[in-house]
Structure formats: structure tokens, C-alpha cells
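Everything on this sheet refers to the single structure shown next.
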Amino acid sequence: MDSHKEFIDEAKRIGRAVKGASRISIFTHIDADGISSGSIAYATASRLSIPVEITFLKKLDDAATELIRMKKDSLIWLNDIGSGYISRFSGLNMIIADHHEPESINPVLVENGTSRLADSSIYHLNAHLFGIEGSTEISSSTTSYFIARSVSDRNIDLSGIAIVGAVGDLQDSRYGKLTGMNRIVLEDAVKCGAVKVMRDARFYGKETRPITRLLEFSVDPPIPGVSNDHSAAARVLDSLGIEVVNEGSEKTWSDLQPADRQKIVSFIVQKMIAEGLPASEINSIVGETYVVRDLRSSADARMPEDAKEFATLLNSCGRYAKYETGMRLCLGERGTILDNALALLEGHRKNVSSAIRMAKQDGLTQLSSIQYFHMQDRVPDTIVGTIAGILLKSKEAVPGKVIVGFAFSEGKVKVSCRGSSEMVQQGLNLSEAIRRAAESVGGVGGGHSIAAGATIDTGKEYEFLSSLDGLVRGQITQREGNVSMTDLPE
Ligand SMILES: [Mn+2]
């Protein structure tokens, strides 16, 4: 496809700038995709023997902008952050490798295909500028991988980490597999042995979670009558005649015999059909899963091989500010680095389950198109998005409404919003809505159409909510009002 070729050509042009740099300063976001991207950029620079440093950013506020501007003597390489605020960086020698919605897309410039910015000192590699879907077809890690790959053939081994980042951003969840530009990276990863593609149930925690818990916590997609209900999950396993305990401890999905796995999958599929769920959702129960093999480090049995679980480990490092631990895992270190990461993950699981309990106790407050909860100072601000995502698919949430979570964060309020793909099909663009709602109360926000975040001042929550509610309602009803014959599903 032309847009793919154009994108790769731009990555090559950026690759030449990387090779010519005398010093590189990397900035990256702190989630799994951000840590993966930053690691890819870091390895790319190190392998060229270019002096390099990396800084992890939770958000792009004034302090972060200032920090970036101080590196004006380096080639600055932003990952997974920056496209929304490009005007702050004019005059800097900078690469932005991102897949979030850019600040503004000038259609004339895009069609032109030559200059994507008035400011030619900034290399801007973002799927949206090439007509590529940025929330499903390419992550920041795969974006940065295209740059790395154009720098040297040797960097093909970074493709495994790129896949971890893409899966970390849930880019495989809509179709049950990676598609689009991510697929090109996946081909590299398979070719060099960094990733093995398997067809299996797409549960989270297949290697680590006891089977009952795996079913209980299955939210992508949720299992009717089983998700969020531990005793229901136990009853199902019992009714299927599956022996869950082995030598005193409960089996994981990986420990089960193939026939038992098949029984569970058939049961779920029948249950979903009976509930009248859409075929797309039913099909997403089984799909591709990605086994990541580290090519550089010696095998450590405790290291999760499943890309989703690897990504969760990175997210735990990011949420508790152990960014470097995450990066060193990406770069192949194990031993005590892995011990630390696993301990963070364990602590994170405890935090999330107690936070979910609290949020359910509080209940969700309903507005016309959105529903919200406020964690105040009871959880770290970095897990609000996770909680929102889990609650969205729980029975506590009203279907068809956006979910909004708040938590206090360094004297301000962190906001996380999650919608469903059905709502996005109806016209929801959370990135746009949250940005405008945040700006209306003097805050900043942005992200993706299905998931977005903001930071606002304490006390502005209700004003923000009423603005967001109106914007979301407008997006969805505007689309409904515009339905023409050609928009109707076949
Ligand atoms: Mn990302």
C-alpha cells in the first residue's frame, strides 16, 4: 500500500538523521509501549556508538517541555508522546515517533506528501499523518522500530520488543491479532526468531494466573456470567469436569491438557452465542498470541514469554516509577532486574484488586453519556486507567456510556477515560472530547479515540464532567443524525 511505503520512506529519512547525530537525547512515555519504544531508540543509538541518554515522562507538562528544550544541542527523539503538542518544540532538532492524534492535521500538506510541518527541523513520524489507523495498526514501539530497522539490518532483533509494545497498547484486541503496519514488524520478528505466533485462547495470564482467576478476570472480551465472579468461574470448571488442582496448587491455562482447554473455549463460545453477542466479539476469544523469545539473554524460567504478560511487567515498572528496570528487561537483562519487576507486578495486582473493590463500593455516578468514579488519594494515579478499563466491562457499568476515573496526582487531578469500540463506531472520539473538556477548565488532555487521559486542577472535576458529557453526547448524536444510506451496515 502506498501509505505504508510513504511511511517507511519517511522512517528511512529519519534513520539517516539518527546516523548523522553526534548526541541523542531520548524522551519516552512510561507505559509498556513507551518503555519498549524508548528501549528500541536507546539500543539503536548505542549500537551506533552515539552518546545517548533517556528520560521517561509521565506526561508532557510545562516542566517536561522545559526539560526537552534544554537538550537543544542533541538530536531529541520523542517516543509515544509529543504529536499532540508539536507547536511547543519549534526550532528543536527533533524526531517525534508517536501514534497519538497529532495536534492538527493539515490535509493539504499530507496530500502533498513532502512537508508535514511548517517547521522542517522536526521529523514527525505518526501514522495519522499517512492515513494509517494509529490506534490499531501501529504503536509507538513499532513506529520507532521502523526507524531502527532503517538504521541497520542488525536491529531486526528489536522487533520482539516492538511487538510487546504493540500488544501492551492492546493493538491486537480488535481483530484478535496484530494487523496493518504491526504485521510487517511481526513478519520481521518471526523471521529472526524473536517471536513465535500461536493460535490459542486470548486470555490474559495463561502462564501465571490460576485457572479460576484467569476466567474470573477475563475482560477482553468478558465471559457472560463468569467474568468478575469467582464462584461462577469455579462452578464452570467443576461442571466441565476439569481437575484444577495439581500437587496442591491450582493449575494455570498452560498446565491444562489441550482437551480441557478446548472444553473451556467451547463452553464460552456457546455462552456468548446464547447471550446474542456479536460474532466479532465471539471470534476474539481465540486468536493469535505471541511468544517472545529473547535473543540476547539466557533463558530465565520466571520470565513470561507471552507478549501480553511481558507488557504487563513493563507497565508495572512504569506505574511504580522503575522505568529503568523496564528498559533493562527490554534490553535482555534478567536476574535481579527480573526479580524487581516481578515484585512490582505482584504489588500492582494487589493494588488493582483492592482499588476495584473500593470503586465498586463507591459505585459509578451516572451522567447522560458518561459515568464516573473518584479514587481521591486511595490509589497511585497511574492505575486509574486500568481500573476504568476493568469497570467498563463489569456489570457495575451502564453499557454504551464512557467511563471516567479520577485520582489525585501531585496536587492536581489525573483523569482517565475509556470507551468501547462500538461507541467509537458511533462517532466517539475521546481524544478530541477530553482535550476540549480539559482545556475548558484550564487543563491538558488527549490520547486515542477509545482511551484518553487528562490532568486538571483539583476542584474542577464537576465542571470538566459536564463539559465532557456534552461533548461525548454531541459526537455520538451528531453521527446518528448523519447516517445516510451508504453508512448503513450491510
Ligand atoms: Mn502507545
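The values are calculated or read from the model by the stated rules, or taken from the named source; none is laboratory data. Note that the structure is a prediction, hence the values are computed from the model and not measured. All Cβ positions, even for glycine, are placed from backbone atoms using ideal geometry, and neighbour counts span all protein chains on display. Note: accessible area is taken over every heavy atom of the protein model, side chains too, but ligands, DNA and RNA are not part of it. Shrake-Rupley method; radii C 1.70, N 1.55, O 1.52, S 1.80 Å.
What residues of the stretch 20-51 lie in the reach of a label at residue 219, counting those whose backbone N is under 17 Å from a point 7 Å from the Cα along Cα→Cβ?
The answer is 32, whose backbone nitrogens lie closer than 17 Å to the label point.
Could you work out how far the C-alpha centroid of the stretch 321-369 sits from that of the stretch 122-178, in angstrom?
Using only Cα atoms to place each centre, the spacing works out to 23 Å.
On alpha-carbon atoms, Rg over Rh for the stretch 144-270 using Kirkwood Rh? Display every interim value, and only then the final one.
Values: Rg = 17.7 Å, Rh = 16.4 Å.
Expressed as Rg/Rh, it is 1.08.
Using DSSP, restrict attention to beta bridges with both residues in the chain and report what percent are antiparallel, rounded to the nearest 5. Intermediate values should be presented prior to the final figure.
Working: 32 of 57 bridges.
Taking every DSSP beta bridge with both residues in the chain, the antiparallel ones total about 55 percent.
Please compute the contact order of the chain in relative form: average sequence separation of alpha-carbon pairs under 8 Å and at least six residues apart, divided by the residue count, as a percent. Intermediate values should be presented prior to the final figure.
Details: 896 pairs, mean separation 54.3, N = 490.
Contact order relative to length: 11 percent.
From Cα coordinates alone, what are the radius of gyration and Dmax values for the stretch 196-316 in angstrom?
14.9, 47
Show me 266-276, 44-54 ranked by packing, highest mean number of other Cβ atoms within 10 Å first. Could you put the intermediate results ahead of the total?
Values: 266-276: 14.0, 44-54: 16.9.
Most protected by this proxy first, the peptides run 44-54, 266-276.
Roughly how many Å² of residue 61 are accessible to a 1.4 Å probe, to the nearest 10?
Near enough 60 Å² of accessible area.
Kindly identify the stretch 238-380 as rounded, prolate or oblate by the Cα gyration tensor criterion: order the square roots of the eigenvalues as a ≥ b ≥ c, call it rounded if a/c is under 1.5, otherwise compare a/b with b/c, prolate if a/b is larger, else oblate. If you can, show how the numbers build up before the last one.
Values: a/c = 1.82, a/b = 1.09, b/c = 1.68.
The shape class here is oblate.
Would you list the P(r) distribution for the chain, with all Cα-Cα distances sorted into 20 Å bins from 0 and each bin expressed as a whole %?
23, 58, 18, 0
To the nearest 10 square angstrom, how much accessible area does residue 209 have with a 1.4 angstrom probe?
Ignoring ligands and nucleic acids, residue 209 comes out at about 50 Å².
Report the Cα centroid-to-centroid distance between the stretch 67-81 and the stretch 250-280 in angstrom, as an integer.
Taking the Cα centre of the stretch 250-280 as reference, the centre of the stretch 67-81 is 47 Å away.
Rolling a 1.4 angstrom probe over the protein heavy atoms, how many square angstrom per residue are accessible across the chain?
Numbers: 20960 Å² over 490 residues.
Spelled out: the 1.4 Å probe surface of the chain, per residue, equals 43 Å².
Pairs to check: 12/308; 414/460; 350/412; 251/271; 206/350; 206/414. Give those whose C-alpha atoms are more than 20 Å from each other in this structure.
12/308; 350/412; 251/271; 206/414
Heavy-atom accessible area of residue 323 with all protein chains present, probe 1.4 Å, nearest 10 Å²?
Estimated to the nearest 10 Å², residue 323 gives 40 Å².
Need the C-alpha centroid separation for the stretch 388-452 versus the stretch 210-236, integer Å.
Distance between centres, Cα-based: 26 Å.
So what does the Cα-only Debye profile of the stretch 2-195 read at q = 0.09, 0.15, 0.17 Å⁻¹, as log10 I(q)/I(0), no solvent term?
Summing over Cα pairs of the stretch 2-195 leads to -0.28, -0.81, -1.07.
For residue 374, enumerate residues with amide H under 5 Å from its amide H, sequence gap 5+ or separate chain, H modeled in the peptide plane.
406
Once you have the Cα-Cα distance between residue 353 and residue 458, take 0.36 nm times their residue separation minus that, and quote the gain in nm to one decimal.
Gain on extension, residue 353 to residue 458, equals 35.2 nm.
Starting from the coordinates of the alpha-carbon atoms of the stretch 347-447, obtain the Kirkwood hydrodynamic radius over all distinct pairs and give the value in Å to one decimal. Show your work: numbers first, answer last.
On the way: mean 1/r = 0.0720 Å⁻¹.
Computed over Cα pairs of the stretch 347-447, the Kirkwood hydrodynamic radius comes out at 13.9 Å.
Order 202, 319, 436 by their accessible area, 1.4 angstrom probe, all chains in place, largest first. Don't skip to the answer; put the middle values down first.
Details: 202 5, 319 55, 436 125 Å².
Order by accessible area, largest first: 436, 319, 202.
I need the GluC sites (Glu not before Pro) found in the stretch 370-448, filtered to DSSP loop residues with at most 11 other beta carbons within 10 Å of theirs. The partial results should precede the final answer.
Numbers: sites: 396, 410, 422, 432, 439; in loops: 396, 410.
The qualifying sites are 410.
Given 4 °C and 1.567 mPa s, how large is the Stokes-Einstein diffusion coefficient of the stretch 154-202 in µm²/s, with Rh as the Kirkwood radius over Cα pairs?
Details: Rh = 10.9 Å.
In µm²/s, the coefficient rounds to 119.
So who's got an amide H within less than 5 Å of the one on residue 30, skipping anything under 5 residues away but keeping other chains? H placed 1.01 Å off N, in plane.
Excluding prolines and chain starts, which carry no amide H, the hits are 57.
List the residues, sorted by chain then number, that are 5 or more residues from residue 123 or on another chain and whose placed amide H is less than 5 Å from its amide H.
Correct list: 94, 95, 96.
Residue by residue, what Karplus-based ³J(HN,Hα) values in Hz, rounded to whole numbers, does the stretch 134-147 have, using 6.51, -1.76 and 1.60 with θ = phi - 60° and x for Gly and Pro?
x, 9, 10, 9, 7, 9, 6, 5, 6, 4, 5, 4, 4, 5
Can you give me the relative contact order of the stretch 2-195 as a percent, contacts being Cα pairs under 8 Å and 6 or more apart? The partial results should precede the final answer.
Working: 378 pairs, mean separation 46.5, N = 194.
That works out to 24 percent.
Ratio of Rg to Rh for the stretch 4-110, alpha carbon only, Kirkwood? Provide the component values of the computation, followed by the final result.
On the way: Rg = 13.4 Å, Rh = 14.2 Å.
Result: Rg/Rh = 0.94.
Tell me, what is the percent relative contact order of the stretch 121-278, built from C-alpha pairs under 8 Å that lie six or more residues apart? Could the numbers behind the result be given before it?
Details: 160 pairs, mean separation 25.3, N = 158.
It comes to 16 percent, rounded to a whole number.
With all protein chains present, how much of the accessible area of the chain (probe radius 1.4 Å) comes from carbon and sulfur, to the nearest whole percent? Kindly include the intermediate steps, with their values, before the conclusion.
Numbers: 10410 of 20960 Å².
Of all accessible area on the chain, carbon and sulfur atoms account for 50 percent.
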